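A.B. asks: Okay, here's the structure, questions in a sec.
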Amino acid sequence: MTGDYIVIDWGTTNRRAWRMSAQGVPKIATKDARGVLSVPQNGYPAEIGALRDELGDLPVLAAGMVGSNRGWHEVPYVDAPAGLTDLARGCVTLADEDVVLVPGVALRGELGRGELGRGELGRGGTGAGASGSGGRADVMRGEEVQVLGAIAAGLAPGDALFCQPGTHNKWIATTDGRVTDIATAMTGELFALLRGHGILAGMLDGAVADGAAFRDGLSRGAGAKDLTVALFEVRARVLLGTLAPADAAAFASGVLIGADVGARDDLAGREVQLLAGGALADLYAAAIDQCGGRAVALDSERAFAAGIHRLWELTR
């Protein structure tokens, strides 16, 4: 026995897997588009078999949407506040497959408590205490491993605000190394829907990059109470010649990301741990900086490796 094992970050549309050493060092990596939406309910044993053919006949620890009601086997959420020990207790073992599935984290909103503004995330007290959500309900699967792994690896402090851009952007607050609050913004999904459907379809085919048009969109979207009006302005500006057609996508993206980031009222002078890479991370970093925060880029793969290895140790 080598002590090696396989870990999987199994998302909705994509999947990443690594062969890990007994010490938690990634040795072989593979990435594909075999997210849970691509796998039929009875297809998971074959998927695991194919990964083992590639990475080795080893035990598996899998996090993400594979443990959701859209995945292989639904694993109940762990309630916030939650740390790695809580996640380990909530893991489910599929003994016949030698696979362990990691739970996600939930905020269970209590009606009648009153809404908690997103700016309260991570401040402690009622904002990030025992109840966490203050009336909001939210969930996540997979992101918690990266967040808690970043803390375990010393990449981020135990009391922090994290931002994880993606199709659904996650704002995650931690206190004393535990996830205490979550807010999910459907920013990327809204942009994709606007680009593919409705009155703006055909106008948003241009490149999205940090530039003058994107920054103008950020300014328009940040703190906007009329987001739907701001989005129609994309069309109006193009028709009236005040926005170049090639810049429409960047402006629209800026409006949406600006509305997401600008909805927070606690960014002034604050570090935001940015768990992402690539162009989208650059756009969010620009938005965070423009809204008064300071984005700190973290290595998301290193964070995931640290978090999943600690879970492996805790579940042995």
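The values are calculated or read from the model by the stated rules, or taken from the named source; none is laboratory data. The model shown is predicted, which means the values in this text are computed figures rather than measured ones. A quick note on method: Cβ atoms are made from the backbone with ideal geometry, for glycine too, and the neighbour counts reach across all protein chains shown. Please note that ligands, DNA and RNA were not included when accessible areas were found on the heavy atoms of the full protein model with its side chains. Shrake-Rupley method; radii C 1.70, N 1.55, O 1.52, S 1.80 Å.
To keep it simple, each residue is scored yes or no on (1) open to solvent by 20 Å² or more (accessible area, probe 1.4 Å); (2) within 22 Å of CYS163 (Cβ to Cβ); (3) touching a residue at least 40 places away in the same chain (Cβ under 8 Å); (4) among the hydroxyl-bearing types (Ser, Thr, Tyr).
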| position | (1), (2), (3), (4) |
| --- | --- |
| ALA230 | no, yes, no, no |
| ALA246 | yes, no, yes, no |
| GLN290 | yes, yes, yes, no |
| ARG294 | yes, yes, no, no |
| ASP299 | yes, yes, yes, no |
| ARG302 | yes, yes, yes, no |
| ALA306 | yes, yes, yes, no |
| LEU314 | yes, no, yes, no |
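A.B. asks: So which residues in region 144-169 are open to solvent by 10 Å² or more (accessible area, probe 1.4 Å) and charged (D, E, K, R), if there are any at all?
C.D. replies: Matches in region 144-169: ASP159 only.
A.B. asks: Within region 49-82, track down each residue that is within 21 Å of GLY24 (Cβ to Cβ) and over 17 Å from the mean Cα position of the chain (by Cα).
C.D. replies: Selection gives LEU51, ARG52, GLU54, LEU55, GLY56, ASP57, LEU58, PRO59, VAL60, LEU61.
A.B. asks: Please indicate, with yes or no, whether at least one residue in region 265-277 is assigned to a loop (DSSP other than H, G, I, E, B), of a type in the set (Asp, Glu) and either farther than 17 Å from ALA150 by Cβ or over 23 Å from the mean Cα position of the chain (by Cα) (or both).
C.D. replies: Within region 265-277 (the criterion being assigned to a loop (DSSP other than H, G, I, E, B), of a type in the set (Asp, Glu) and either farther than 17 Å from ALA150 by Cβ or over 23 Å from the mean Cα position of the chain (by Cα) (or both)), the answer is yes, since at least one residue qualifies.
A.B. asks: Give GLY104, GLY11 a once-over and let me know the one that is within 20 Å of the chain's Cα centre (by Cα) and either modelled with pLDDT under 95 or more than 19 Å from ILE308 (Cα to Cα) (or both).
C.D. replies: Answer to the selection: GLY11.
A.B. asks: Kindly indicate which of ALA22, ALA88 is closer than 18 Å to ARG310 by Cα and buried (at least 17 other Cβ atoms within 10 Å of the Cβ).
C.D. replies: ALA88
A.B. asks: Does region 248-288 hold any residues that are of a type in the set (Gly, Ala, Ser) and surrounded by fewer than 19 Cβ atoms within 10 Å (Cβ to Cβ), and which are they?
C.D. replies: ALA268, GLY269, GLY277, GLY278, ALA279
A.B. asks: Would you check which residues across region 29-78 are assigned to a loop (DSSP other than H, G, I, E, B), open to solvent by 40 Å² or more (accessible area, probe 1.4 Å) and hydroxyl-bearing (Ser, Thr, Tyr) and list them?
C.D. replies: TYR77
One line per residue, one yes/no per condition, for (1) of a type in the set (Lys, Arg); (2) open to solvent by 30 Å² or more (accessible area, probe 1.4 Å); (3) under 23 Å from the mean Cα position of the chain (by Cα):
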{"residue": "THR174", "(1), (2), (3)": "no, no, yes"}
{"residue": "THR180", "(1), (2), (3)": "no, no, yes"}
{"residue": "MET186", "(1), (2), (3)": "no, yes, yes"}
{"residue": "GLY202", "(1), (2), (3)": "no, yes, no"}
{"residue": "ARG220", "(1), (2), (3)": "yes, yes, no"}
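A.B. asks: In addition: Under 8 Å by Cβ, and 6 or more places apart or on different chains, what pairs join a residue from region 64-83 that is closer than 14 Å to GLU144 by Cβ and among the acidic types (Asp, Glu) with one that is modelled with pLDDT of 95 or more and open to solvent by less than 10 Å² (accessible area, probe 1.4 Å)?
C.D. replies: Close Cβ pairs satisfying both conditions: ASP79/VAL105; ASP79/ALA106.
A.B. asks: Here is a further query. If you take the residues in region 241-261 that are outside any helix (DSSP H, G or I) and small (Gly, Ala, Ser), which one is farthest from THR184 (Cα to Cα)?
C.D. replies: Of everything passing the filter in region 241-261, GLY241 is farthest from THR184 (Cα to Cα).
A.B. asks: Please work out which residue is least open to solvent (accessible area, probe 1.4 Å), limiting yourself to region 1-19 and to residues that are more than 17 Å from GLY64 (Cα to Cα) and out of contact with any strand residue (DSSP E or B) (no Cβ under 8 Å at 6 or more places or on another chain).
C.D. replies: Once the filter is applied, the top-ranked residue is GLY3.
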